[in-house]
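Reviewing the structure listed below.
Just so you know, all these numbers are worked out from the coordinates, no wet-lab data involved. Here the structure is a predicted model, which is why all the values come from computation and not from measurement. Note that each Cβ is placed from the backbone with ideal geometry, even for glycine, and that neighbours are counted across all protein chains shown.
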Amino acid sequence: MSEFHQDAPLFPTADAGTAAREARATPAQAVLAVAFVAATVASAQALTAQPTPPGQTPFQWPDHIRNNKVLPRNTNSEQLRETMRGFAISLGVRCTFCHTGTEQMPLAERDFTSDANPRKNVARRMIRMVARLNRELPSFAGPTAHVTCYTCHRGSATPATIAPMPVRPPGAVPPGATPPTTPPTPTPTTPHS
Ligand code: HEC
Ligand code: HEC
């Protein structure tokens with residue numbers, strides 16, 4: 001049973017659906033999305049481009065998801081790969097952040113159907129939240145408004161909640177503020193000789 005529908009994208013991927021969404025996006029949005037897709041693809045390759053050592057079974061993405069509680073039952077290997085890479089890149093983590101196993105363990109030996117890692121369930125709740133936000137957003141924020149995991153996470157497992165304070169040189173006047181009323185220091189004049 002799945003209540004999540006893929007019409008709400010979790011993050012941009014280089015599929016036909018994205019091309020269609022980008023066609024509707026403003027040029028600025030499209031440029032951002034394309035830059036993100038390029039970055040995603042480059043780092044996704046780095047993520048899974050570990051060569052399989054000799055004598056080891058290469059990792060095969062399952063032809064469809066088995067233990068699905070949120071993603072659609074018919075999520076195929078291609079969609080699963082794009083989704084999981086997107087999660088890992090959006091949060092700046094590796095597969096073991098949400099799944100069982102260790103970094104040293106070959107991917108083919110890990111049990112991705114297991115729910116033993118509690119972060120997998122947090123991620124499921126996050127997917128539902130993103131889907132909910134994407135159902136609501138267009139009604140008040142414009143037809144192309146949507147969020148992805150990356151919107152909040154930006155490559156970090158813990159999204160920032162406090163804006164960074166702008167760095168200003170000491171004594172500089174903040175934008176829009178009235179300059180201090182102290183009289184200007186008189187410029188020393190060289191006496192006439
Ligand atoms: C942010 C958490 C998160 C990260 C990181 C993540 N996954 Fe997942 N993964 C999930 C969740 C959640 C599901 C189950 C979705 C559902 O219940 O519908 C899942 C399901 C899967 C499945 C399907 C298992 C089955 O039931 O058939 C595979 C395979 C998988 N992940 C592989 C990976 C790989 C490989 C990586 C690293 C590139 C990865 N995942 C990174 C959260 C994550
Ligand atoms: C609206 C903002 C927002 C969006 C969108 C969002 N998250 Fe989160 N996520 C958070 C916040 C806030 C936390 C809590 C971080 C903390 O502990 O300070 C969090 C935490 C998590 C954690 C637990 C991290 C940990 O340290 O245990 C996981 C896993 C996660 N998010 C996965 C996802 C996934 C996958 C998506 C996309 C489907 C997503 N999130 C989208 C805001 C968001």
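Over the stretch 72-188, what is the relative contact order in percent, taking alpha-carbon pairs closer than 8 angstrom and at least six residues apart?
On the way: 70 pairs, mean separation 29.3, N = 117.
Reported relative contact order: 25 percent.
So how do Phe140, Phe59 line up by other beta-carbon neighbours within 10 Å, fewest first?
Numbers: Phe140 7, Phe59 14.
Least crowded to most crowded, the residues run Phe140, Phe59.
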Give the calculated FRET efficiency between Asp115 and Val173 to the nearest 0.05, with a Förster radius of 41 Å applied to their Cβ-Cβ distance.
0.15
